[in-house]
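Q: Sharing a structure with you now.
The values are calculated or read from the model by the stated rules, or taken from the named source; none is laboratory data. Predicted model, so just to flag it, every value in this text is computed and none were measured. No Cβ is skipped: glycine too gets one built from the backbone with ideal geometry, and neighbour counts run over all protein chains shown. Only protein heavy atoms, including side chains, enter the accessible area calculation; ligands, DNA and RNA are left aside. Shrake-Rupley method; radii C 1.70, N 1.55, O 1.52, S 1.80 Å.
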Amino acid sequence: MKEPVRVAITGGAGQISYSLIFRIAAGDMLGPDQPVILQLLEIPPAMDALNGVMMEVNDCAFPLVKDIIGTDKPEEAFKDADICLLVGAKPRGKGMERADLLKANADIFSVQGKAINDHASRDVKVLVVGNPANTNALIAASNAPDLDKGQFTAMMRLDHNRALSQLAQKTGTQVTDIDKMIVWGNHSATQYPDISQATVNGKPALDLVDRDWYENDFIPTVQKRGAAIIEARGASSAASAASAAIDHIHDWVNGSKGIVSMGIPADGSYGVEEGIMFSYPVTCKNGQYEIVQDLEIDEFSRDRMKQTEDELRSEREAVSELL
Ligand code: NAD
Ligand code: LMR
């Protein structure tokens, strides 16, 4: 039997966690032979609700769950954590942009970045889900000076999966037929879902769809999908967000099949300035991700990448006191 992996999840009593925790406990994230210890963080007013969630986890009698801890103290939740899923934050409502949450949520990520720095495993892998995810990940990473900034990532996998699903539906194919999908930039309405590199059953995606659909339907649909879900459900995406978080960590730990999109510290690749968390095409192997280099970027793509980079820079400006 493998040693248990400690998985810390913040916002344990929230909507996303209600899907996420049970799937992790069932082995969907780290594999069916990987035991886990769940370390759940909440704020004091949500501790009763968290207790209820923990009762339900116990009632599932998951063979892989070796222990479950619920706490309102970050230092306890992150103690020796191997994986931290930072989900706990306010979600947006109808008519808001994710950046409107910047001030409301930013402090959470400076406190938690410090606690991860001081208490988590030195090899910890951190995924920020709480919005605005990229800039929150930057805040958390900046508050963890003893760790490598690359240990902090932001969730772009939901956008990536949305893009796969839209293209598969349009071309009458399966998501598994698509390779080299990329979402660049910010988890916001400026993100650039890019099919110019993608293939469907080995054929260039751009040869299978018309340009008008790509520019005026596909791109805005993926960019605004979060708002469309809020409009339809009256609450922001939860099960699909949990599923994307599982995919992100699964691939980071176990390796990806081809290219996936991850929000990671920009390192100058593709001309994107360092100091922001930018979504890049990456491949994962042996617990590490690597940016896919040397893709040919046309003028249309360059322009879209610049817009989303500029937005991330201005978000960084808005929280500069926390960095
Ligand atoms: P929710 O309101 O249902 O749950 C959030 C939970 O976090 C609540 O239980 C709250 O008590 C808790 N919380 C608040 N502050 C906390 C803190 N300091 N420490 C620990 N827990 C804290 O919201 P949700 O629907 O689960 O969404 C959570 C976040 O994820 C939101 O910011 C939402 O916008 C974001 N989100 C991101 C993506 C993405 O793709 N990156 C997708 C969906 C949702
Ligand atoms: C999403 O993309 O569904 C989430 O980020 C929630 C939101 O505010 O759109």
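Q: Would you mention how many residues in region 233-268 are part of a loop (DSSP other than H, G, I, E, B) and more than 16 Å from ligand 2 (Cβ to nearest atom)? Full working, then the answer.
A: Restricting attention to region 233-268, the residues satisfying the condition of being part of a loop (DSSP other than H, G, I, E, B) are 234-238, 255-259, 266-268.
After this cut, where a residue has to be more than 16 Å from ligand 2 (Cβ to nearest atom) as well, the list is 255-259, 266-268.
The number of residues fulfilling the criteria is 8.
Q: Return yes or no: is ARG6 open to solvent by 30 Å² or more (accessible area, probe 1.4 Å), basic (Lys, Arg) and within 16 Å of ligand 1 (Cβ to nearest atom)? I'd like the intermediate steps shown before the answer.
A: Numbers: open to solvent by 30 Å² or more (accessible area, probe 1.4 Å): yes; basic (Lys, Arg): yes; within 16 Å of ligand 1 (Cβ to nearest atom): no.
So ARG6 does not fit the description; no.
Q: Among the residues of region 67-80 satisfying the criterion of being open to solvent by less than 50 Å² (accessible area, probe 1.4 Å) and under 16 Å from PHE109 (Cα atoms), which is farthest from ligand 1 (Cβ to nearest atom)? Break it down into steps so the answer makes sense when it comes.
A: Looking only at region 67-80, we keep the residues that are open to solvent by less than 50 Å² (accessible area, probe 1.4 Å), and these are 68-71, 74, 77-78.
Okay, now just the ones that are also under 16 Å from PHE109 (Cα atoms), so 74, 77-78.
On the way: PRO74: 7, ALA77: 8, PHE78: 11 Å.
Result: PHE78.
Q: Among the residues of region 221-231, is there at least one that is more than 16 Å from ligand 1 (Cβ to nearest atom), modelled with pLDDT of 95 or more and surrounded by 13 or more Cβ atoms within 10 Å (Cβ to Cβ)?
A: Scanning region 221-231 turns up no residue that is more than 16 Å from ligand 1 (Cβ to nearest atom), modelled with pLDDT of 95 or more and surrounded by 13 or more Cβ atoms within 10 Å (Cβ to Cβ).
Q: So which residues in region 11-26 are more than 16 Å from ligand 2 (Cβ to nearest atom) and open to solvent by less than 10 Å² (accessible area, probe 1.4 Å), if there are any at all?
A: Across region 11-26, the qualifying residues are GLY12, ILE21, ILE24, ALA25.
Q: Mind checking which pairs have a first residue in region 99-124 that is assigned by the TED database to the domain that holds THR10 and a second that is open to solvent by 90 Å² or more (accessible area, probe 1.4 Å) and near ligand 1 (Cβ under 9 Å from one of its atoms), Cβ under 8 Å, 6 or more apart or different chains?
A: That search, which allows pairs on different chains as well, returns LEU101/LYS90; ALA104/LYS90; ASN105/LYS90.
Q: Being more than 11 Å from ligand 2 (Cβ to nearest atom) and among the β-branched types (Val, Ile, Thr) is the filter here, so list the residues in region 88-134 that pass it.
A: Of everything in region 88-134, those that are more than 11 Å from ligand 2 (Cβ to nearest atom) and among the β-branched types (Val, Ile, Thr) turn out to be ILE108, VAL111, ILE116, VAL124, VAL126, VAL128.
Q: How do the pairs read when you match residues in region 69-80 that are in the same structural domain as PRO44 (by the TED database) with residues anywhere that are of a type in the set (D, E, K, R), using Cβ under 6 Å and keeping only pairs 6 or more apart or on different chains?
A: Hits for this filter: ASP72/GLU42; ASP80/ARG6.
Q: Go through GLU315, GLU296, GLU309, GLU290 for me and flag whichever is at negative phi, in a loop (DSSP other than H, G, I, E, B) and either not assigned by the TED database to the domain that holds ASP148 or not acidic (Asp, Glu) (or both).
A: Values: GLU315 fails: in a loop (DSSP other than H, G, I, E, B); GLU309 fails: in a loop (DSSP other than H, G, I, E, B); GLU290 fails: in a loop (DSSP other than H, G, I, E, B).
That would be GLU296, the only listed residue that is at negative phi, in a loop (DSSP other than H, G, I, E, B) and either not assigned by the TED database to the domain that holds ASP148 or not acidic (Asp, Glu) (or both).
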